[in-house]
1. When the convex hull of the C-alpha atoms of the chain is computed, what volume per residue in Å³ does it have?
2. At 20 °C and 1.002 mPa s, what whole-number value in µm²/s does Stokes-Einstein give for the translational diffusion of the stretch 3-169, with Rh from the Kirkwood sum over Cα pairs?
3. Which residues does a label at residue 214 reach in the stretch 267-297, if reach means a backbone N under 12 Å from a point 7 Å past the Cα toward the Cβ?
4. Taking one equal scatterer on every alpha-carbon of the stretch 6-46, how large is log10 of I(q)/I(0) by Debye at q = 0.22, 0.23, 0.34 1/Å?
5. Taking neighbour counts of Cβ atoms within 10 Å as a proxy for exposure, in what order, fewest first, do 704, 111 appear?
6. Expressed as an acute angle from 0 to 90° and rounded to the nearest 10, what is the orientation of the C-alpha long axis of helix 264-275 relative to the principal long axis of the chain?
7. Any idea what the relative contact order of the stretch 435-755 is, in percent, if you count C-alpha pairs under 8 Å spaced at least 6 apart?
8. Under a plain spin-label model, where a point goes 7 Å from the Cα along Cα-to-Cβ, how far apart in nm are residue 136 and residue 22?
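Here, each number is a calculation from the coordinates, and none is a lab measurement. Computed from a prediction, not measured in an experiment: that's the story for all the values here. Don't worry about glycine lacking a Cβ; one is built from the backbone with ideal geometry, like all the others, and counts go over all protein chains shown.
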């Protein structure tokens, strides 16, 4: 058997294993057999004790499992882990790092090959093979072990996030329940409450694990659903007479047999009766287990049966969901959790009951994330490792500053967060008095605070907080809310409402910005690299029929109000800028000269979001009336980090010195050309970011309405001179972490500590 075939078999058998311990056993057994060696063992990192524990073996004394523990610097296992590279020895005992543990029976073995198990730069464990005869494992064997270790890393990482790793390492410690998961911080704030899982219809994977309120009722519902599906199958069978052969129609009989009490139905009844699961939860668990089993099989015919089973599973589930009465009462302090939450799922729960939102899928720019920021609800999106279906009813802390979700928090961590929640509440109350006060530093420097909007609730909150204008209106919102492109008149009404609400304050409307992570369901864009692809102004210039309709709607909406500015997203070249301005001029001439509208020509601006725009800043500045920096995308492109990808989100840092230096280049270029400039990215809404942006020279900062008063509070407590001094201190630092720490320490010396966003240490 080839190494590739061996690897495929290992993966198949591991996927079919019922739990984490069995996965480890499968791997050591199969690796030992594939490599024809005497021993295969897995050591896992015990973070609590900073040691490596023997967790599975085929060849060593099995009684040593869970008992043999090596410190991180001890033995050859510790050496592999510390070096984070494979070590291949013909005679292990001759190595100075060799450490002998009598209860393992290692004295029988000579050769040693160990490979680190690494996930996202962290060493999770070590995979080891040993042999009775002195030999050096060849390159193909070493490559095979490294490959298995890489596969194993994902399994261990998953076991860690769902709590199985802790259970394996500390089987006697029942107190270890606290779990911390990471996502993308999408709306600031902290909330402590209980999870309510929202599950979309007819998705087996989306069914949360819930207990039955009445076992008898669940059994009744389940048997009724089974009976209805059996009737459906028999009806389908009859309708196919003369169309399908008898052999092909046998599939319907197979479906009916699967539903019997002697097959799937019986397994579900056991879970309801003996484990107290709801019918939906029990059915989903049983069906998914069988699907996984079929998918892991080598026979292609049997693998294909997995899709048949999934279809059957969805049919039964749809009846179970129909039978379930809609929820009438909701508890207080809901942490809303789901796999792919939408604004619609949010709207199905009383808004006053929701204190936080967490979605496995989605990004900072998802409609739901925008809604969370607008109404000030802590929101975390893209929590890909969150075992969401098992969390219903559990206590949770959502940290919208750091993007962390803590499930079943311990008393110490809960207390820390409770103190911070109280502090934020007191600060918010103090901020209200600043609504009508100017944003002016202690040495008389004025900064204009504008808001980013998109939803009606945004607008109302913005005016309550004393916003001086709109620095960014997300015009894609009407496009996201419909199942088609909105008409010119529909758009005009949307835009008119915004312009009228803020009149006479200026309103900056960004033209349609789709692509990247903002796809329209009726206009999908499938790309390998969406952030480097067809998005922003590129889509609009390629589809002038869409762009021109939007421009007409915006200009018509501004008639008589004259407070409209247009902002062009993702401009990367002068050609794009010229092409866009030409179309705007075309629409203006059509409306005024040909159709008789009395319009004031709007100010035209370009967004600075890509490095190319930074280095053409003077040329851009000469062609437009104003410039606005989108720090979110600019940081993303400067650092080559997708900020919505949880795997690399930690590398995204608006305080990276390269970002600060790029911002200074932009300001200097705009000033030379006497072109007004502002910031409309998230950096403006962070107190530290606001201080640095003011020091760099931005006179206008635009942010979410919920951030406005906090930013005003901190800018009113610092001088421009001091802010420039801090900028000089940090702009030459080596990394964003150093910048943030220096700024936090400096600001806390003289200011209210709570004004500075903090991440609670874990």
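1. Numbers: hull volume 156.5 nm³, N = 762.
That works out to 205 Å³ per residue.
2. Details: Rh = 15.6 Å.
After rounding, the answer is 138 µm²/s.
3. Hits in the stretch 267-297 for residue 214 at 12 Å: none.
4. Log-scaled intensity ratios, in q order: -0.70, -0.75, -1.14.
5. On the way: 704 24, 111 21.
The fewest-first ordering by Cβ neighbours comes to 111, 704.
6. 80 degrees
7. Working: 568 pairs, mean separation 62.8, N = 321.
Rounded, it is 20 percent for the stretch 435-755.
8. 4.1 nm
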